[in-house]
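Following: one structure in structure tokens, then a few remarks.
The values are calculated or read from the model by the stated rules, or taken from the named source; none is laboratory data. None of these values were measured; they are calculated from a predicted model. Here the Cβ is made from the backbone with ideal geometry for all residues, glycine too, and neighbour counts use every protein chain on show. Note: areas computed on protein heavy atoms with side chains; ligands, DNA, RNA excluded. Shrake-Rupley method; radii C 1.70, N 1.55, O 1.52, S 1.80 Å.
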Amino acid sequence: MQVHILWEFIDKPWGGGNQFLKALKQQFIKTGVYTDSPAEADIILFNSHQFQKKVLKLKLKYPKKIFVHRVDGPLFQTRGKAGKVTDRKIFFCNDLIADGTIFQSTWSRKESYLQGMKKNLFETCIINAPDPEIFFPKPTYSNKNHPDQKIRLITTTWSSNPRKGFDIYHYLDKHLDFSRFSMTFIGNTDKPFTNITTKAPLPSVDLAHALRKHDIFIAASTGEPCSNSFLEAQHCGLPAVARNNSSYPELLNRNGVLFENREDVIEKIEYIAQHLDKYQSTMSVAHISEITKLYCAFFTTIQQAISKKHYSPKKLTRPNYCLSRIRL
């Protein structure tokens, strides 16, 4: 089996999809199944709504190859009405081209169906995981390592979209007891904070180092199919206080607690702060090697169905019409 990821990889700080696909590519390389050449690939993995015209051209050029779609969203949940147009592109391309569909969470799968996505013959849910050579926990936890003895909170996000949890972060900026806690925000903000320390987006290595200097991760965004920033913090050993929304309940995995809104977020932060040693010692995360095996097992399922003549890769009809739909 040879796998090609249709993606333009970016080394500087970028969105979560870019970060995960870089880590996945490295694992494919380590296991000897990756190729930079679509012509040599058995499997072409494409992502969400990006590079759909390239996907279409590759499908026309290589109609017998297996195309697998890693779905994001639905983007309507984070971008509102503007996201609906992109969701239609994702759903159309999935129905037209994808022999298999990989959702990042069961929440994403369910919500995509509700927004009009058709079920595919081959589907699965596989969460993300970061690069373990970058995102790993500090050897031991002790608040005594902090000179000011404060419990250090942190949150990270690339996007400044209001749905990224800024209602909670601005609430904490005004109401958190900063004599006992400190808080850092790394990323792009919607507007300045008063008490929360703000830092610009960081490269992965620097971001992981910053995460390991903190104690608790605050995850307050909504409509998350599978937050990479949340998983990066978990892999750095930080228990989370996460919003009871979208995919967080299934991703949390006893590595923290859920909160509902402004009324209980500080209470939940206090609870984790009182039990830091317990949560630090019982953190459980899925390694990227496990995630890669799940991807390969899914690819193999489709290959076996084809070899047994139970399935044939999808065939494109009316390509000009298809291209016009993708350009919606």
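With each label point set 7 Å from Cα along the Cα-Cβ vector, what nm distance links E267 and F9?
Each label point lies 7 Å from its Cα, and together they span 4.7 nm.
By how many degrees, 0 to 90 and rounded to 10, does the Cα axis of helix 81-96 deviate from the longest principal axis of the chain?
40
Just to verify a number: FRET efficiency for S37 and L121, C-beta to C-beta distance, R0 = 25 Å, to 0.05?
Values: r = 27 Å, r/R0 = 1.09.
That pair, S37 with L121, gives E of 0.40.
What Kirkwood hydrodynamic radius do you get for the chain when you take the inverse of the mean 1/r over all pairs of distinct Cα atoms, in Å? Don't skip to the end; give the middle numbers.
Values: mean 1/r = 0.0480 Å⁻¹.
One decimal place: 20.8 Å for the Kirkwood radius.
Between the alpha-carbon centers of segment 39-60 and segment 195-240, tell me the distance in whole angstrom.
31
Any idea what diffusion coefficient segment 79-219 gets from Stokes-Einstein, in µm²/s, Kirkwood Rh on alpha carbon pairs, 4 °C, 1.567 mPa s?
Details: Rh = 18.1 Å.
In µm²/s, the coefficient rounds to 72.
Rolling a 1.4 Å sphere over the protein heavy atoms, what is the accessible area per residue of the chain, to the nearest Å²?
On the way: 15190 Å² over 328 residues.
Result: 46 Å² per residue.
Take the Cα of D177, step 7 Å along the line toward its Cβ, and report every residue of segment 207-236 whose backbone nitrogen sits under 18 Å from that point.
Residues passing the 18 Å test: 215-216.
Could you give the length gained by full extension between L316 and T106, i.e. 0.36 nm per residue of separation minus their alpha carbon distance, to one decimal place? Write out the running numbers ahead of the final one.
Details: separation 210, 0.36 × 210 = 75.60 nm, distance 2.87 nm.
Between L316 and T106, full extension yields an extra 72.7 nm.
Please work out whether segment 161-293 counts as rounded, prolate or oblate from its C-alpha gyration tensor, where a ≥ b ≥ c are the square roots of the eigenvalues and a/c under 1.5 means rounded, while otherwise a/b larger than b/c means prolate and anything else oblate?
Note, shape of segment 161-293 comes out rounded.
Loop only per DSSP, at most 13 neighbouring Cβ atoms within 10 Å: give me the GluC sites (Glu not before Pro) in segment 203-295, ordered by residue number.
Details: sites: E232, E250, E260, E263, E267, E270, E290; in loops: E260.
Within segment 203-295, the qualifying GluC sites (Glu not before Pro) (loop, at most 13 other Cβ atoms within 10 Å) are E260.
State the Kirkwood hydrodynamic radius of segment 177-217 in Å, one decimal place, computed from all pairs of distinct Cα atoms.
Details: mean 1/r = 0.0887 Å⁻¹.
Evaluated over segment 177-217, this radius sits at 11.3 Å.
Are there trypsin sites (Lys or Arg not before Pro) in segment 167-265 that DSSP puts in a loop and that have at most 16 other Cβ atoms within 10 Å, and which ones? Provide the component values of the computation, followed by the final result.
On the way: sites: K174, R180, K199, R212, K213, R243, R254, R262; in loops: R180, K213, R254.
Taking segment 167-265 and a limit of 16 other Cβ atoms within 10 Å, the loop trypsin sites (Lys or Arg not before Pro) found are R180, K213, R254.
By its C-alpha gyration tensor, with a ≥ b ≥ c as the square roots of the eigenvalues, how is segment 224-286 shaped: rounded for a/c under 1.5, else prolate for a/b larger than b/c, else oblate? Provide the component values of the computation, followed by the final result.
Details: a/c = 2.11, a/b = 1.03, b/c = 2.05.
Taking the square roots of the gyration eigenvalues as a ≥ b ≥ c, segment 224-286 is oblate.
Taking amide H positions as placed 1.01 Å from N in the peptide plane, with prolines and chain starts having none, which residues 5 or more places from G256, or on another chain, fall under 5 Å of its amide H?
Amide H to amide H, under 5 Å and 5 or more residues apart or across chains, G256 pairs with A240.
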